[in-house]
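*Asks:* This structure is in structure tokens; I'll ask about it shortly.
Each value in this text was obtained by applying a stated rule to the coordinates, not by laboratory testing. Everything numeric in this text was worked out from a predicted model, so none of it was measured. Cβ atoms come from the backbone with ideal geometry, glycine included; neighbour counts cover every protein chain shown.
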Amino acid sequence: MQAVVDDKITAHLAGRPVFIHSLDAFLNSGSIGRVIITYRDETQLTRLRALLAENPLPACPIEFVPGGESRQASVLAALIACAGHQGLVHIHDGARPLITPEAIRKVRDKAIETGAAILAGRSADTVKIARVDSPAVETSPDRGLVWTAETPQIFRTQTVLKAYQKVTELGRKVTDDSSAVECVGQEVSLVENPSVNLKLTRPADFVLAEAILKSR
């Protein structure tokens, strides 16, 4: 992605910075009373602050927390910053600008009911599990049981904070928040997302995301 943009979070998409699209959806969902944004370095922090000033959003306290060397470390840093919170925390990838207020509310409603819920999509492809020691196929799970995890992922704050502290102490690596929560025995509910909610990963994703945003 660096061949196209220096920072995909602050790059412009359909006339607005990528992270502003995500933030606007959350602030318009009626679910958010406080925002914590993790940042990479002082250069990115300065850029984030400037873009927030240039793009008015619904009023809400916004705080910045230094991130870590991995997504896992960054999420833990943000969770520590809201350690005293007793409600639900919404965790979202800033590089998913297509999220909608409706989808956020659906996941939140399920999290209120069960304590943990994530937005996810049913797999349209047959999935292959490779062997540990080679790229050969080990098994092919039933596609009907395969989901792809997305964000937001919403949990009781104390549950997910405890989960992240535990996996960190054990030296485990997780690539999404529900994986950490599962480690403390919390069942996680899947909420199907019928809309496109891609994570900007490749240059072509910008073209697709812009077309989708302009069609809404």
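*Asks:* Kindly provide the helix-only [θ] at 222 nm of the chain, computed as the sum of -39,500 (n - 2.57) over DSSP H runs of four or more divided by all residues, to the nearest 500 deg cm²/dmol? If you can, show how the numbers build up before the last one.
*Replies:* On the way: 7 runs with 81 residues, N = 216.
Value at 222 nm, helices only: -11500 deg cm²/dmol.
*Asks:* Using only the alpha-carbon atoms, what does the chain span along each of its principal axes? Please give whole angstrom values in decreasing order.
*Replies:* 51, 41, 32
*Asks:* Next question, about the same structure. Can you list the residues of the stretch 166-191 with backbone N under 16 Å from a point 7 Å past the Cα of VAL132, pointing along Cα to Cβ?
*Replies:* 173
*Asks:* Between the stretch 173-195 and the stretch 10-75, how many Å separate their Cα centres?
*Replies:* 23
*Asks:* May I ask you to derive the FRET efficiency for ALA204 and ALA83 from their Cβ-Cβ distance with R0 = 35 Å, giving the value to the nearest 0.05? Could the numbers behind the result be given before it?
*Replies:* On the way: r = 40 Å, r/R0 = 1.13.
Calculated transfer efficiency: 0.30.
*Asks:* Next up: Which residues in the stretch 139-162 have a backbone N closer than 20 Å to a point placed 7 Å from the Cα of SER195 along the Cα-to-Cβ line?
*Replies:* 148-155
*Asks:* Under the 0.36 nm per residue contour assumption, what length would be gained going from the current alpha-carbon distance of ARG143 and LYS166 to full extension? Write out the running numbers ahead of the final one.
*Replies:* Working: separation 23, 0.36 × 23 = 8.28 nm, distance 3.13 nm.
Extra length from ARG143 to LYS166 when fully extended: 5.2 nm.
*Asks:* While we're here: Can you pull the one-decimal nm distance between simple spin-label points at GLN158 and ILE62, each 7 Å off the Cα toward Cβ?
*Replies:* That separation, rounded to one decimal, is 3.1 nm.
*Asks:* Near LYS173, which aspartates and glutamates are there with a Cα under 17 Å away, not counting those fewer than 8 places off in the same chain?
*Replies:* GLU69, GLU182
*Asks:* Please list, or write none, the aspartates and glutamates whose alpha carbon is within less than 12 Å of the alpha carbon of LYS106, excluding same-chain residues fewer than 8 places away.
*Replies:* Counting by Cα, and skipping residues close in sequence, LYS106 has these aspartates and glutamates nearby: GLU192.
*Asks:* Another question, if that's okay. Please check: in the Gaussian network model of the chain (C-alpha springs, under 10 Å), which one of LEU119, LEU170, LEU161 has the largest mean-square fluctuation.
*Replies:* Its mean-square fluctuation being the largest, the pick is LEU170.
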